[in-house]
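**Student:** The structure that follows is given in the form of structure tokens.
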Amino acid sequence: MTLPENAVLERETIFDRFAAAYDAWYESPIGRIAFPQEVDALRPLLQELPRPWLEVGVGTGRFAVELGIRFGVDPSIPALAYARERGILSVAARGESLPFGTAAFGAVVMVVTLCFVEDPLAIVRDAVRVLRSDGGLILGLVLAESPWGIHYRTLAEQGHRYYRLAHFFTHPEIEAVLAAAGLEIIRERSALFQTPVDQLANEPAREGAVDHAGFRGILARNRRGVR
Ligand SMILES: C[S@@+](CC[C@H](N)C(=O)[O-])C[C@H]1O[C@@H](n2cnc3c(N)ncnc32)[C@H](O)[C@@H]1O
């Protein structure tokens with residue numbers, strides 16, 4: 001993803017500087033309603049995969065705790081302090097170079113992380129390396145073409161502190177990254193069916209790829225099956 005050099009440097013430190021503010025979103029009026037729906041989109045995808053599970057870009061550990069993920073990595077030490085406090089066994093590392101052996105995990109999870117990295121394919125490739133042959137990669141994404149993606153991109157143009165540093169992927173772009181790493185999408189779930197400017201209501205996530213959903217969970221597995 002191409003950003004000016006100063007913005008790349010800023011993105012490197014944004015989650016250090018705003019770890020507390022980022023974490024506080026989950027307790028905000030919108031976060032309290034949206035977060036359980038996002039978890040509901042991801043949980044059934046994870047349930048079919050063998051443990052142990054790893055979250056790459058674990059941040060402050062909110063998803064890891066809710067999803068029962070024991071291990072996490074993130075380059076942001078301030079964010080990791082929250083994750084550790086929440087009981088996640090986490091280490092400071094980048095997804096491009098995970099400090100784990102080959103085939104160590106049954107699931108690797110990344111929630112709104114790929115949109116903040118320079119080289120998403122490098123991260124997906126290293127996730128594939130640490131995955132068992134019967135394991136799977138799970139992504140939680142705000143797709144660029146969804147009403148929420150459009151809303152966030154508008155905020156980015158207005159200088160929003162996180163979103164202007166993000167690249168929101170379209171579904172074909174994500175499919176291409178996964179395919180380049182040898183993965184294919186085998187299951188999707190959708191959540192957040194109201195637009196971001198509506199009063200959010202509690203709604204369960206749905207199976208499948210719902211175009212107007214604000215949040216998408218994707219399960220991808222090795223195209224060749226057993227390696
Ligand atoms: C938007 S936050 C998401 C955090 C968490 N998954 C959540 O949803 O609350 C993106 C996270 O990706 C992390 N990150 C940035 N670059 C990364 C990289 N190269 N490898 C792994 N994580 C990275 C950031 O430090 C940040 O914690």
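The values are calculated or read from the model by the stated rules, or taken from the named source; none is laboratory data. None of these values were measured; they are calculated from a predicted model. Heads up, the Cβs are rebuilt from the backbone with ideal geometry, glycines too, and the neighbour counts pull from every protein chain shown. Calculation scope for accessible area: heavy atoms of the full protein, side chains included, ligands and nucleic acids excluded. Shrake-Rupley method; radii C 1.70, N 1.55, O 1.52, S 1.80 Å.
**Student:** Can you tell me which residue in the range 38-62 is nearest to the ligand (Cβ to nearest atom), limited to those that are assigned to a helix (DSSP H, G or I) and open to solvent by 10 Å² or more (accessible area, probe 1.4 Å)?
**Tutor:** Filtering first and then ranking leaves Arg62.
**Student:** Quick one: would you say Ala127 is farther than 23 Å from Pro4 by Cα, open to solvent by 10 Å² or more (accessible area, probe 1.4 Å) and either out of contact with any His (no Cβ under 8 Å at 6 or more places or on another chain) or part of a strand (DSSP E or B) (or both)?
**Tutor:** Taking the combined requirement at face value, the residue does not satisfy it.
**Student:** Tell me the residue from Ala122, Ala83, Ala93 that is within 11 Å of the ligand (Cβ to nearest atom) and either of a type in the set (Phe, Trp, Tyr) or crowded, with 18+ Cβ neighbours inside 10 Å (or both), please.
**Tutor:** Among Ala122, Ala83, Ala93, only Ala83 is within 11 Å of the ligand (Cβ to nearest atom) and either of a type in the set (Phe, Trp, Tyr) or crowded, with 18+ Cβ neighbours inside 10 Å (or both).
**Student:** Within the range 96-119, how many residues are within 9 Å of the ligand (Cβ to nearest atom) and touching a Pro at 6+ places or on another chain (Cβ under 6 Å)?
**Tutor:** 1
**Student:** Which one of these is touching a Phe, Trp or Tyr at 6+ places or on another chain (Cβ under 6 Å), outside any helix (DSSP H, G or I) and not β-branched (Val, Ile, Thr): Pro99, Pro196? Before the answer, list the steps.
**Tutor:** Numbers: Pro99 fails: touching a Phe, Trp or Tyr at 6+ places or on another chain (Cβ under 6 Å).
Only one candidate passes the filter, namely Pro196.
**Student:** Looking only at the range 123-160, how many residues end up being within 19 Å of Gly214 (Cα to Cα), over 17 Å from the mean Cα position of the chain (by Cα) and of a type in the set (Gly, Ala, Ser)?
**Tutor:** The total comes to 1.
**Student:** Right, next: List the residue pairs whose Cβ atoms are under 7 Å apart, where the first residue sits in the range 19-40 and is without any contact (Cβ under 8 Å) to a residue 60 or more places away in the chain, the second is in a helix (DSSP H, G or I) and among the acidic types (Asp, Glu), and the two are 6 or more positions apart or on different chains.
**Tutor:** That search, which allows pairs on different chains as well, returns Val39/Glu66.
**Student:** Is it true that Gly149 is more than 11 Å from the ligand (Cβ to nearest atom), surrounded by 19 or more Cβ atoms within 10 Å (Cβ to Cβ) and under 18 Å from Glu188 (Cβ atoms)?
**Tutor:** In short, yes.
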